[in-house]
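Okay, structure first, notes after.
The values are calculated or read from the model by the stated rules, or taken from the named source; none is laboratory data. The structure displayed is predicted, hence computed values, not measured ones. Here Cβ is always computed from backbone atoms with ideal geometry, including for glycine, and neighbour counts include all displayed protein chains. We work out accessible area using only protein heavy atoms, side chains counted, and drop any ligands, DNA or RNA first. Shrake-Rupley method; radii C 1.70, N 1.55, O 1.52, S 1.80 Å.
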Amino acid sequence: AYHVTIKALYSTTRLVERAESIFPQNILGEVPKESREDINQAGRCIAFDLPTAVGFHTWRAVETVLVKYCEALQAKPKRKDWGSYIAALKSVGADPTTVGILDQIRALHRNPTMHPEIVLSIDEATGLFGIAPSAIVAMVNDIRKHRATTNPTPV
């Protein structure tokens, strides 16, 4: 038997069955399937007290959208790492606020949690899980803005 306790304000049922509902409904359709699945896995990891795995799945979810963001803005990173993605986005004039969010996450959260000696607490994991949607929403909104300026609707 296993007893699952409530984590922060999150519904246990939602964490287990549909953590992707953390995204606004109007954004969800533009979040890649792989990213949604990683968010769902992160939710399950929160529910079942696997906090270090939350960090892994959370940053995978963000990185999947980050790669799509680079593609949408035709940013060409030199390597497959967050520093290169961010540098490439800066070079093509991506939204500075969005890039700033991503760079802060990279430096303060993502890079440190990827080291094997780091073990997250459930409180730390829940905090990281809450950060990811804001970054993903910001990237999706900038992709939309870019799409609207490069492919304006004919009058």
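Would you pick out the residues in region 47-61 that are over 18 Å from S134 (Cα atoms) and either open to solvent by less than 10 Å² (accessible area, probe 1.4 Å) or under 12 Å from the mean Cα position of the chain (by Cα) (or both)? Hit for region 47-61 is A47, nothing else.
Among the candidates V92, V99, which residue alone is exposed (fewer than 14 other Cβ atoms within 10 Å of the Cβ), over 24 Å from R18 (Cβ atoms), modelled with pLDDT of 95 or more and β-branched (V, I, T)? Within the list V92, V99, the selection yields V92. In region 64-89, the residue that is nearest to F23 (Cα to Cα) out of those that are touching a residue at least 24 places away in the same chain (Cβ under 8 Å) and not small (G, A, S) is V65.
All of (1) in contact (Cβ under 8 Å) with a residue 40 or more places away in the chain; (2) outside any loop (DSSP other than H, G, I, E, B); (3) within 19 Å of R110 (Cβ to Cβ) hold for I27 with one exception: (3). Looking across region 24-44, the residues that are out of contact with any His (no Cβ under 6 Å at 6 or more places or on another chain), open to solvent by less than 10 Å² (accessible area, probe 1.4 Å) and not β-branched (V, I, T) come down to S35, G43.
For region 62-88, which residues satisfy the criterion of being over 16 Å from the mean Cα position of the chain (by Cα) and among the aliphatic types (A, V, I, L, M)? Across region 62-88, the qualifying residues are A72, L73, A75, A87, A88.
A107 falls short of the stated requirement of being in contact with a Pro (Cβ under 8 Å, 6 or more places away or on another chain), among the hydrophobic types (A, V, I, L, M, F, W, C) and farther than 20 Å from P32 by Cα.
Every condition in (1) under 18 Å from R144 (Cβ atoms); (2) assigned to a helix (DSSP H, G or I) is met by V16 except one, and the failing one is (1).
Could you tell me which residue of region 111-153 is least open to solvent (accessible area, probe 1.4 Å), considering only residues that are charged (D, E, K, R) and over 15 Å from the mean Cα position of the chain (by Cα)? Per the criteria, the residue is R144.
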